[in-house]
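One structure is given below, encoded as structure tokens.
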Amino acid sequence: MKIREYITFDDVAIVPGKAVIEPSDVDLTSKFSKNIEVYIPVVSSPMDTVTEWRLALALARLGSIGVIHRNMSIENQVLNIKLVKSSPQSVWFEVLKAREEEPIESITFRMDEAGIGSAILFSGSLVSGIIVKSGLDQDYWYSKASSLISLLREYKPTPLLDEDGRLRVAAAISPFDERRVKALEEAGVDALVVDVAHAHNVNVISSVAKIVKNTSVDVIVGNIGTKSAVLDYLSKADGIAGFRVGIGSGSICLTAEVTGAFAPTLTAVLEAREALEELGAHGKIPLIADGGFRNVGDIAKALIAGASTAMTGRLLAGAEETPGTKVRVGGKVYKQYRGMASRGSIERRYAEDRYSKPSKGIEEGIEGLVPYRGSVISIVAELVAGLKAALGYAGAWNIESAWRGELARITSAGREEAKPHDMII
């Protein structure tokens with residue numbers, strides 16, 4: 001038997017390339033699925049402490065997309081879709097926009113009417129100040145406004161809209177739940193994300209083929225971790241709009257530890273890319289790198305390896321807009337975050353078939369806390385700035401040019417040298 005070698009993000013470094021533009025001018029536009037373009041190549045994971053309608057709405061207003069988790073009733077998931085699709089599209093429904101010369105009384109009245117706690121003042125096209133209503137949540141509203149200002153320096157938020165001018169949203173599904181698929185399609189969902197821990201399964205492939213044939217929206221398949229999985233799907237299910245790749249890399253995932261099965265996200269992307277390139281389909285069928293990201297550098301490495309977007313739970317889980325419960329520990333605020341195979345998620349029962357059919361009855365995830373980070377706008381602002389800088393180092397000017405970038409294996413000595421060293425911190 002030949003033993004494969006797996007590599008992950010810490011094993012490689014981005015090779016600096018010749019830059020032809022400044023990092024701030026890097027275009028992050030990419031594909032979430034065959035027919036859905038995103039302006040920020042980071043999307044949210046369908047986890048029950050991460051993505052419900054509030055986060056999906058905020059991301060769509062900023063130019064990305066959220067995938068509503070399926071660990072809820074069909075009716076509730078449909079409601080989540082409708083809440084996003086029916087909401088105003090502009091990011092200025094997150095923070096008020098006002099002219100410097102407008103009377104303060106008028107601004108605060110509009111803030112009260114809209115239920116918004118902060119406003120950004122403009123003098124011409126330049127930001128001239130921030131107004132924040134006093135109260136218990138004034139720090140949150142100030143952070144939201146200041147983060148939007150930071151984001152505006154890097155990127156002009158462009159809402160992600162469908163052909164009818166409504167915000168886009170995706171939803172996770174079981175490949176065996178035809179009633180949910182039909183209800184979500186009728187509700188106006190833009191994409192369906194098949195949500196199975198190990199999708200390289202003959203029963204899943206057969207069910208996915210039927211879904212793709214009978215639905216009019218994009219269907220993304222996941223999770224897979226090998227070249228053969230991509231080839232099997234594309235030989236048996238025509239019309240797949242994307243693949244979600246990576247098995248067991250998530251920060252709250254115990255799959256590798258409990259079962260011994262593992263496909264690191266970086267390796268999974270490289271294998272899936274190889275399969276698509278053999279078929280002449282890389283770039284036509286998007287790859288979503290899912291899980292294991294600890295920082296923006298990891299995301300950049302996944303994009304250079306061949307992914308079109310990165311899917312994350314942990315990097316977004318601390319946002320105000322996530323459904324995770326806030327917890328105060330030692331004077332600091334955290335938010336609940338758990339894997340979809342943790343006991344808490346399994347007990348909700350709606351997504352118990354994600355890890356097999358029927359459920360295996362073992363836990364492949366944990367529950368924990370992540371630091372509270374305020375509005376998701378602040379997180380997105382950091383991700384956008386960091387990604388532009390990282391891709392700029394690679395010599396890329398957009399996502400497609402990033403695919404021509406290089407990654408180099410790094411030794412343990414090199415890894416140590418890359419950290420701060422030879423000083424007292």
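Any read-out appearing in this document is the output of simple, stated calculations on the displayed coordinates, not a laboratory observation. Every value quoted in this text rests on a predicted model; they were computed, and no experiment measured them. In this analysis, Cβ positions are derived from the backbone assuming ideal geometry, glycine residues included, and neighbour counts consider all displayed protein chains.
Structure values in brief
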{"read-out": "Distance-filtered residues of the range 99-120 - backbone nitrogen under 18 Å, label point 7 angstrom along residue 90 Cα→Cβ", "value": "99-103, 106-120"}
{"read-out": "Residues whose placed amide H lies under 5 Å from that of residue 395, excluding near-sequence neighbours", "value": "17"}
{"read-out": "Helix 74-85 vs. the chain, principal-axis angle (Cα, 0 to 90°, nearest 10)", "value": "50"}
{"read-out": "Amide H partners (placed H, <5 Å) of residue 333, local residues excluded", "value": "372"}
{"read-out": "Helix axis angle, 138-154 relative to the chain longest principal axis, alpha carbon, degrees", "value": "70"}
{"read-out": "Neighbour cut-off at most 13 other Cβ (10 Å), DSSP loop, GluC sites (Glu not before Pro), the range 68-135", "value": "100, 101"}
{"read-out": "Cross-link pairs 144/326; 31/182; 18/156; 97/156; 34/227 - those with Cα-Cα distance over 22 Å", "value": "31/182; 18/156"}
{"read-out": "Centre separation in Å (Cα based) which lies between the range 25-53 and the range 108-149", "value": "26"}
